[in-house]
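All remarks here apply to the structure that follows.
What follows draws every value from the coordinates through simple rules; no lab data is involved. Remember, it's a predicted structure, so these values are computed and weren't measured experimentally. Please note: Cβ atoms are built from the backbone with ideal geometry, for glycine as well, and neighbour counts cover all protein chains shown.
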Amino acid sequence: MAALAQVANIMEKPPAAGKYAMIMQRLVAADNKVSLLRSLWLARLLVSIQLILAASNISSLDDIATMANSIVQVNNLAINFIAQSTKSRPADTTKILVDMHSCDMLADEVAALRSGVHGVLHPTAK
């Protein structure tokens, strides 16, 4: 559509000579501008989004923008989910050390019970 606007005024008021050359020049210039804007816009996206878009066969800038928006939304959902799940984990090292100590105490109790059961099942002859 932008390319059509670039040549519309030439079609309405054509020059005396070189009308087709001027139309081609304007079309190429319009295409270069769109290509440059597309390249600049894509370069500003996260690398992960650039890779996904590069793997797609979408050529329309509108469709690429829609897909990029969808990727960003999914990415944000994943980041929020990870942030929420890490908040519920104990981050305090003191609590982790207490939990490790409790595990050690439980292991000692299990070993003592095992030894007691073994003594009951296999009494030594006196």
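Residue ranges 102-109, 35-42 sort as 35-42, 102-109 when ordered by packing (mean number of other C-beta atoms within 10 Å per residue, highest first). Inter-label distance, Met100 to Val47: 3.4 nm, where each label sits 7 Å from its Cα along the C-beta direction.
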